[in-house]
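Here's the structure, in structure tokens; my notes come after.
The values are calculated or read from the model by the stated rules, or taken from the named source; none is laboratory data. Being a predicted model, the structure only gives us computed values, none of them experimental. Methodologically, a virtual Cβ is constructed for each residue, glycine included, from the backbone with ideal geometry; neighbour enumeration extends over all protein chains shown. Side chains are part of the model used for accessible areas, which takes the heavy atoms of the whole protein and leaves out ligands, DNA and RNA. Shrake-Rupley method; radii C 1.70, N 1.55, O 1.52, S 1.80 Å.
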Amino acid sequence: MALIELDHISKTYVTGEVESVALREVTVSIEAGTLVTFVGPSGSGKTTLLNILGCMDKPTAGEARIDGTLLGSLGRRQAAAFRGEHLGFIFQSFNLIPVLTVYENVEYPLLVIRKTPAPERRERVLRVLEAVGMLDHKDKRPDQISGGQKQRVAVARALVTNPAVVLADEPTANLDHDTAHRIITLMREMRDAFGTTFVFSTHDPRIVEHADVVHGIEDGRLTGNISAMQGGHHHG
Ligand SMILES: Nc1ncnc2c1ncn2[C@@H]1O[C@H](COP(=O)(O)OP(=O)(O)OP(=O)(O)O)[C@@H](O)[C@H]1O
Ligand SMILES: [Mg+2]
């Protein structure tokens, strides 16, 4: 079985008498250790899909599994525990805590899960900061570093708990093209270094070339594996 399995996932939001279909029977498997992106226009269902994978929302129909765990069956507390132990998150707007240093921002998820003794915590924080190239900036606050550097810190924060999966909803939307490219390249490097599976969304077709697998999404439907359609070099 693949690390992530989505089986006929549908999601309908109901607001008063208005129904809005966000996902329509999305079926997809994601292998461990891959960098996978969902590319689609505004309103296509990207955030909805990532929220379901992130145990922040439940599908109206269908089943989503990560590492065999049926996400829809988790209660609130179980979902929170699952997120803390198995998932990392990177956000479009970085979401660093402004009063904490770079070091403290990266340490924060370890303090939340309360399972890592102090010496190991320090070792892990320093290791991921070094991996993303931000060790020299560890004592700065977020307002003292650039947008690209903030997102590097956010990547380190997502990885510090050693999650199986890192989910990122438009992680490069607030970055210029070159910086966006570098963040995706960093994800690849982290995938290689830690074996982490990365799933990210974007509406920018230009930044997808470094993903292993590119799924197009439109109006809540997967429109096909874009990388396979573009590349098409399948030799036996
Ligand atoms: N909480 C909600 N209540 C009602 N409708 C919603 C809600 N969240 C999303 N939708 C609707 O579901 C559809 C998919 O939205 P979603 O946010 O998943 O798209 P998206 O691809 O992330 O878009 P964007 O690129 O603008 O972030 C849209 O039609 C949207 O209006
Ligand atoms: Mg969105």
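Before moving on, here are some points about what is shown:
- Within region 10-22, tally of residues that are open to solvent by less than 70 Å² (accessible area, probe 1.4 Å) and within 16 Å of ligand 2 (Cβ to nearest atom): 4
- Residues in region 102-116 include at least one that is within 21 Å of ALA131 (Cα to Cα), of a type outside the set (D, E, K, R) and open to solvent by 60 Å² or more (accessible area, probe 1.4 Å).
- Among the residues of region 23-53, those that are open to solvent by less than 10 Å² (accessible area, probe 1.4 Å), farther than 14 Å from ALA64 by Cβ and of a type in the set (A, V, I, L, M) comprise LEU35, VAL36.
- Residue in region 98-121 that is out of contact with any Asp or Glu (no Cβ under 6 Å at 6 or more places or on another chain), within 16 Å of ligand 2 (Cβ to nearest atom) and at positive phi present: no
- GLU104 in a helix (DSSP H, G or I), of a type outside the set (A, V, I, L, M) and touching a residue at least 24 places away in the same chain (Cβ under 8 Å): no
- When ARG157 is tested against (1) open to solvent by 80 Å² or more (accessible area, probe 1.4 Å); (2) touching a helix residue (DSSP H, G or I) at 6+ places or on another chain (Cβ under 8 Å); (3) charged (D, E, K, R), only condition (1) is not met.
- Restricting the first member to region 1-25 and to residues that are part of a strand (DSSP E or B), and the second to residues that are of a type in the set (Phe, Trp, Tyr), the beta-carbon pairs closer than 9 Å and six or more apart or on different chains are GLU19/TYR13; SER20/TYR13; VAL21/TYR13; ALA22/TYR13.
- Taken together, the residues in region 160-191 that are buried (at least 17 other Cβ atoms within 10 Å of the Cβ) and either aliphatic (A, V, I, L, M) or within 16 Å of ligand 2 (Cβ to nearest atom) (or both) amount to 17.
- Within region 54-63, if we keep just the residues that are touching a strand residue (DSSP E or B) at 6+ places or on another chain (Cβ under 8 Å) and within 16 Å of ligand 2 (Cβ to nearest atom), the residue that is most open to solvent (accessible area, probe 1.4 Å) turns out to be ASP57.
- Restricting attention to region 64-101, the residues that are open to solvent by less than 80 Å² (accessible area, probe 1.4 Å) and not in a loop (DSSP other than H, G, I, E, B) add up to 19.
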